[in-house]
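The values are calculated or read from the model by the stated rules, or taken from the named source; none is laboratory data. On a predicted model such as this, the values are computed, not experimentally measured, just so you know. Using ideal geometry, Cβ is built from the backbone for each residue, glycine included, and neighbour counts are taken over all protein chains shown.
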Amino acid sequence: MGVLDGRVACVTGGTRGIGLAIASAFLAEGARVVINGRDPAKAERTLAELAAGDAVHFIAGDVKSRSDCEAVIDGTVEHFGRLDILVANAGGAADFAPIVDLPDEPLEDALRWNLWHSFWCMRRAFHHMIPQQSGRVINISSVEGKVGKPGLSSYVIAKHAVNGLTKSAAKEVGPLGITVNALCPGVIETDIVKEGGAGAAAAMGLTYDELLAQFASDSAIKRINEVEDVAHVAVLLASDAGAGITGSLISIDGGTAPY
Amino acid sequence: MGKLDGKVACITGGTRSIGRAMADAFVAEGASVVVNGRDSAKGQRCLDEMNAGERAAFFAGDSSRQDVVEGLIDFTIEKYGQLDICCLNSGGVQMTAPVFQMTDEEWQLEVDWNLNHVFWGMRRALQHMIPRQYGRVIVTSSVEGKLGKPGIPGYVATKHAVNGLVKSAAHEVGTLGITVNAILPGIIETDIVRETGPASAEAMGVGSYDALIEMFCAESAIKRPNRVEEVAAVAVLLASDSARNMTGCLFPVDGGTLPY
């Protein structure tokens with residue numbers, strides 16, 4: 001008996017990192033889960049690791065594409081018959097630079113990856129959730145959705161925008177049994193961070209290790225977060241117990257964000 | 001197997017409403033709980049209803065008094081040998097008046113109940129938790145810890161202050177295995193709100209108790225009051241090992257009321 005028995009979830013960027021931890025926690029609580037990712041080969045490994053049989057299904061797609069986002073949502077409904085929980089988890093940024101030197105393209109890419117992806121998935125998901133008068137949307141934002149860091153403006157801008165989207169959407173669908181929340185984790189050493197971290201650090205004039213140390217030092221716990229920290233809160237929000245929480249930007253950052 | 005097996009909690013204002021929902025949820029997850037309240041008869045009824053045997057106890061006293069709050073912490077440690085989870089939950093709107101009419105004595109009552117109680121309890125609990133390098137402090141704040149309403153300046157000011165206390169303390173003990181968080185519920189029709197609501201409604205100029213509840217609902221996204229169980233579920237999460245890396249967090253359970 002899990003708190004998500006009978007629920008169907010869709011997790012973008014679900015083959016590794018935070019998304020995988022969320023998918024895994026949802027499965028453990030009885031949900032059926034679609035995980036999305038770009039690379040079917042990676043997904044093969046993830047599905048083998050999860051060993052959840054028919055309860056988990058992979059849909060390939062690039063979240064920077066509207067048609068892919070919509071296909072992931074529609075594909076979830078097609079495969080499992082409904083959609084209860086959307087976790088817009090994919091995201092990140094690349095090609096960091098101080099604003100004075102920042103070309104348009106990295107910002108456009110970050111907006112597409114974080115904001116447009118969340119918007120496209122949410123809009124499509126609402127088409128399924130509004131008629132059923134129930135649903136949960138969980139956007140994986142970041143502590144950078146609440147505070148700024150020099151050199152990371154594309155990511156900071158995109159995550160702040162995701163938080164705005166979360167709050168507006170929550171007000172729109174609040175009386176319809178649908179909640180919309182954002183989780184704002186501190187830095188976590190996921191694959192994405194390992195891949196993009198060096199570039200981000202360089203834009204801040206730091207090495208990768210110095211970057212992680214600075215994030216840890218900004219927190220109260222003086223260490224970085226872990227993917228499971230985020231997954232536990234996602235389960236609560238997705239469950240019936242989360243029905244009264246919406247429009248919230250929940251910090252899972254070891255005490256970093258000031259509000 | 002519960003999420004809080006073997007843990008020991010104490011809860012100020014634990015015999016009814018939010019505190020009681022926390023107590024029930026903690027016991028269901030395997031913890032032992034000491035609930036506090038002013039009224040011994042209510043305390044006994046609470047224990048009878050909880051039916052948790054040796055895993056629940058009552059400590060009588062007014063949580064706006066320092067000796068009571070510290071007594072609760074000490075009693076819990078004496079009875080169960082440790083204190084893992086300290087819920088500083090009691091509080092409410094005691095005095096309604098616009099600032100220009102509020103007396104020092106009325107103001108002091110609000111400060112003692114909503115702020116000093118939390119400080120006294122947290123300080124005593126941390127003195128026990130720091131040597132053990134483990135603990136959870138959970139403060140029941142309010143949406144009024146971030147917003148403001150006319151006519152209840154003492155409540156609004158003390159809930160804001162409590163949020164500041166939580167953030168400072170979180171940074172002080174963050175590396176010691178102790179987390180300090182606040183939960184910020186929206187309006188909930190608790191016994192306390194039913195008792196004090198009519199006076200608050202008058203002070204805010206909204207006419208009636210029903211109009212007060214309606215006003216809070218209208219400000220939310222879900223257009224209904226919150227429920228005590230919704231707060232208790234968050235308290236369980238924050239109390240559990242799952243939330244060891246969450247601290248200094250002002251966790252809203254407000255149906256989308258707060259702007260930040």
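Residues that are facing another protein chain (nearest Cβ under 9 Å), part of a loop (DSSP other than H, G, I, E, B) and among the polar types (S, T, N, Q) do not occur anywhere in the range B:223-237. Entry remark, the range A:109-134: residues being under 22 Å from residue A:167 (Cα atoms) and either part of a loop (DSSP other than H, G, I, E, B) or among the acidic types (Asp, Glu) (or both) number 2 in total. Can we say residue A:208 is aromatic (Phe, Trp, Tyr), farther than 30 Å from residue B:223 by Cα and out of contact with any Gly (no Cβ under 7 Å at 6 or more places or on another chain)? Against the criterion (aromatic (Phe, Trp, Tyr), farther than 30 Å from residue B:223 by Cα and out of contact with any Gly (no Cβ under 7 Å at 6 or more places or on another chain)), residue A:208 does not qualify.
When residues in the range B:166-183 are screened for being touching a Leu at 6+ places or on another chain (Cβ under 9 Å) and surrounded by 20 or more Cβ atoms within 10 Å (Cβ to Cβ), 10 of them pass.
Restricting the search to the range A:108-128, which residues are in contact with a strand residue (DSSP E or B) (Cβ under 7 Å, 6 or more places away or on another chain) and not aliphatic (A, V, I, L, M)? Listed by number, the residues that qualify are A:117, A:118, A:121. Only residues that are surrounded by 17 or more Cβ atoms within 10 Å (Cβ to Cβ), basic (Lys, Arg) and within 30 Å of residue B:244 (Cβ to Cβ) were counted across the range B:98-156, and they come to 3. Condition test on residue B:243, is it touching a residue at least 12 places away in the same chain (Cβ under 8 Å), under 28 Å from residue B:130 (Cβ atoms) and at the interface with chain A (Cβ under 8 Å from one of its Cβ atoms)? Judged against the criteria, residue B:243 is a match. Evaluated against (1) more than 8 Å from chain A (Cβ to nearest Cβ); (2) touching a helix residue (DSSP H, G or I) at 6+ places or on another chain (Cβ under 7 Å), residue B:202 falls short on exactly one condition, (2). So how many residues does the range A:173-216 have that are within 12 Å of chain B (Cβ to nearest Cβ) and under 17 Å from the mean Cα position of the chain (by Cα)? Qualifying residue count for the region: 10.
Being within 14 Å of chain A (Cβ to nearest Cβ) and over 18 Å from the mean Cα position of the chain (by Cα), is that true of even one residue in the range B:151-172? Yes, the range B:151-172 contains at least one residue that is within 14 Å of chain A (Cβ to nearest Cβ) and over 18 Å from the mean Cα position of the chain (by Cα). Considering every residue within the range A:150-164, establish whether at least one is surrounded by 23 or more Cβ atoms within 10 Å (Cβ to Cβ), among the β-branched types (Val, Ile, Thr), within 13 Å of another protein chain (Cβ to nearest Cβ) and not in a loop (DSSP other than H, G, I, E, B). Within the range A:150-164, not a single residue is surrounded by 23 or more Cβ atoms within 10 Å (Cβ to Cβ), among the β-branched types (Val, Ile, Thr), within 13 Å of another protein chain (Cβ to nearest Cβ) and not in a loop (DSSP other than H, G, I, E, B).
Filtering the range B:189-203 for residues that are buried (at least 18 other Cβ atoms within 10 Å of the Cβ), β-branched (Val, Ile, Thr) and without any contact (Cβ under 8 Å) to a residue 60 or more places away in the chain leaves an empty set. Looking at the range B:147-189 only, could you name the residues that are in contact with a Lys or Arg (Cβ under 8 Å, 6 or more places away or on another chain) and part of a loop (DSSP other than H, G, I, E, B)? Passing the criteria: B:174, B:175, B:177. Only residues that are free of Cβ contacts under 8 Å to residues at least 60 places away in the same chain and of a type outside the set (A, V, I, L, M, F, W, C) were counted in the range B:15-34, giving 3.
Here's the yes/no breakdown for (1) within 7 Å of another protein chain (Cβ to nearest Cβ); (2) modelled with pLDDT under 95; (3) out of contact with any strand residue (DSSP E or B) (no Cβ under 8 Å at 6 or more places or on another chain):
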position	(1), (2), (3)
A:218	no, no, yes
A:225	yes, no, no
A:237	no, no, no
A:241	yes, no, yes
A:253	no, no, no
A:259	yes, yes, no
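Taking the criterion of being crowded, with 18+ Cβ neighbours inside 10 Å and part of a helix (DSSP H, G or I), the residues of the range B:205-216 that qualify are B:209, B:212, B:213, B:216.
Contact map, the range A:124-144: residues that are within 16 Å of residue A:169 (Cβ to Cβ) paired with residues that are surrounded by fewer than 24 Cβ atoms within 10 Å (Cβ to Cβ) and of a type in the set (Phe, Trp, Tyr), Cβ distance under 9 Å, separation 6+ or inter-chain. Pairs shown: A:135/A:126; A:137/A:126. Taken together, the residues in the range B:1-38 that are closer than 16 Å to residue B:89 by Cα and assigned to a loop (DSSP other than H, G, I, E, B) amount to 6.
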